[in-house]
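The values are calculated or read from the model by the stated rules, or taken from the named source; none is laboratory data. None of these values were measured; they are calculated from a predicted model. Every residue, glycine among them, receives a Cβ derived from its backbone with ideal geometry; neighbour counts consider all protein chains shown.
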């Protein structure tokens, strides 16, 4: 049996089990060496699939970009040798693939694929020849050269840890002049990952912001998935700790060196855990921001945990802390403790029916800011939960965010 495992390498590799091991009730897992990868960067092996005979496919996520290989397994030598790149280069490069499928009769791969600038398309990759696109999904009314493909902006953080990141800049065709005001986008989860994927909910907002002249920086700070098990676990019991300092280091040591962005006109935005981090960064590092947008982020970690569905609470007791055992920690890491230090205007966005971060959590933010005489706006969607899903609401939401940033970041 072949499987993916973290027994031998933290970013996942292949393991081999000989199920008929003589005299052993439990066979030993052995490592399988993979040779011939074409990708660079950091990431992990996502999946291995059997195609036919000794041929397999290997699916990698490298700095958020998908790679799909064909490979041949040498069982005697426990070696998997890559023989062909299916996705990761050319027409199927710099994007994200889903649902790969294989037809053994024609030796054809089929998959869906999208990038930061193109909606999901359906492709087939024949045994010989180039990929064939079978769909023609378009962004109606938006020329292709107006969109931002994004570029690698990975950096070394305050303690030497590499943090994967992408920077999206307004396209040259839009003819914006000078360094662009910066929007710092923090993803949710926290154990999630931002990828160049137009089908993911954040990418249309990122593109809309670049269309309006903003640069958007999108880091996958420690705790993000896609970079190995150890990296993902670094956010456990660290809400607002080293993770926060990754963002501070990027804003103070990394981004000021990018001549195409203007960190003196910077805003922070995030949803869910990203909203929590937006509140944390705005309160604990107010000198960095001219505006902030909190989308349904936890404000008081005690009330956040108490208001969660019961089935979720045990997990958060482990990954965050228990309200009784970790009281001092939860007080120190709650944005509520530091809310008086917020200096920039804030827009708070919330769904009335949110079961994870209930509406009162966001209302508390706005009321506390108003009580201190600080500018805060509240955008409540009566028919949304823990996101903004409905098309009409997205139009309202994305325009409100962009208008808010224009108001506070433009000179």
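A few remarks follow.
Here's the yes/no breakdown for (1) in contact with a helix residue (DSSP H, G or I) (Cβ under 7 Å, 6 or more places away or on another chain); (2) assigned to a helix (DSSP H, G or I); (3) at pLDDT below 95:
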| residue | (1), (2), (3) |
| --- | --- |
| 170 | yes, no, no |
| 185 | yes, no, no |
| 192 | no, no, yes |
| 217 | yes, no, no |
| 232 | no, yes, yes |
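Condition check ((1) exposed (fewer than 14 other Cβ atoms within 10 Å of the Cβ); (2) touching a residue at least 40 places away in the same chain (Cβ under 8 Å); (3) on the phi > 0 side of the Ramachandran plot) across all residues:
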residue: 8; (1), (2), (3): no, no, no
residue: 37; (1), (2), (3): no, yes, no
residue: 105; (1), (2), (3): yes, no, no
residue: 115; (1), (2), (3): no, yes, no
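- Some residue of region 373-384 being out of contact with any helix residue (DSSP H, G or I) (no Cβ under 7 Å at 6 or more places or on another chain) and within 29 Å of residue 241 (Cβ to Cβ): yes
- Residue in region 39-46 that is surrounded by 15 or more Cβ atoms within 10 Å (Cβ to Cβ), over 29 Å from the mean Cα position of the chain (by Cα), touching a residue at least 12 places away in the same chain (Cβ under 8 Å) and closer than 28 Å to residue 233 by Cβ present: no
- Test for residue 281: is it in contact with a strand residue (DSSP E or B) (Cβ under 6 Å, 6 or more places away or on another chain), more than 22 Å from residue 363 (Cα to Cα) and part of a helix (DSSP H, G or I): no
- For region 330-411, the helices (runs of 4 or more DSSP H) that sit wholly inside it and include 2 or more residues that are in contact with a strand residue (DSSP E or B) (Cβ under 9 Å, 6 or more places away or on another chain) and touching a residue at least 24 places away in the same chain (Cβ under 8 Å) are 359-371, 391-409.
- Residues of region 296-312 that are surrounded by fewer than 15 Cβ atoms within 10 Å (Cβ to Cβ) and in a helix (DSSP H, G or I): 302, 306, 310, 311, 312.
- The one condition from (1) part of a loop (DSSP other than H, G, I, E, B); (2) within 23 Å of the chain's Cα centre (by Cα) that residue 316 does not meet is (1).
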